[in-house]
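Let me begin by presenting the structure, written as structure tokens, before commenting on it.
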Amino acid sequence: KANKPVVLEEYGVKTLDSDSYLAWSDQVYTSKSNMQYWQFGIKSLGAPDDGYTIFDEGELFSGVIVPAASKFASLGGSASISSKTS
């Protein structure tokens, strides 16, 4: 065992399935690791959609991503969590 932190990064599924993202974030949170989704997009700015994009106005973002980010912030890092965009 290397005793090093693990970061799950640049992952996603084209179905944008909330259950999959929730399961991944729960597993990573339980292991006190971290993660970086692929990819976020801001709808109002015309962000491109490669089929994996999680948009700020979608249910996946507000229902899974924002709550998961809040849980991760509670692990001790500093973060500003907001589901609002300007």
What are the pairs, 6+ residues apart or on separate chains, where a residue within segment 32-49 that is assigned to a loop (DSSP other than H, G, I, E, B) has its Cβ under 6 Å from a residue that is surrounded by 14 or more Cβ atoms within 10 Å (Cβ to Cβ) and of a type outside the set (D, E, K, R)?
W38/G12; W38/Y52; Q39/T53; A47/G41
If you take the residues in segment 41-57 that are in contact with a helix residue (DSSP H, G or I) (Cβ under 8 Å, 6 or more places away or on another chain) and surrounded by 14 or more Cβ atoms within 10 Å (Cβ to Cβ), which one is nearest to E9 (Cα to Cα)?
I54
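What do you reckon, is Y52 outside any helix (DSSP H, G or I) and touching a Gly at 6+ places or on another chain (Cβ under 9 Å)? Steps first, please.
Details: outside any helix (DSSP H, G or I): yes; touching a Gly at 6+ places or on another chain (Cβ under 9 Å): yes.
Yes; evaluated as a whole, the condition is true for this residue.
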Could you tell me whether any residue of segment 6-18 is part of a strand (DSSP E or B), modelled with pLDDT of 90 or more and surrounded by 14 or more Cβ atoms within 10 Å (Cβ to Cβ)?
no
Selection status of L22, touching a strand residue (DSSP E or B) at 6+ places or on another chain (Cβ under 7 Å), in contact (Cβ under 8 Å) with a residue 24 or more places away in the chain and either surrounded by 14 or more Cβ atoms within 10 Å (Cβ to Cβ) or among the basic types (K, R) (or both):
no
Of everything in segment 27-37, what is surrounded by 13 or more Cβ atoms within 10 Å (Cβ to Cβ) and either under 14 Å from L60 (Cα atoms) or out of contact with any strand residue (DSSP E or B) (no Cβ under 8 Å at 6 or more places or on another chain) (or both)? Give them in sequence order.
Y29, Y37
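The values are calculated or read from the model by the stated rules, or taken from the named source; none is laboratory data. Just so it is clear, the model here is predicted, and its values are computed rather than measured. Here Cβ is always computed from backbone atoms with ideal geometry, including for glycine, and neighbour counts include all displayed protein chains.
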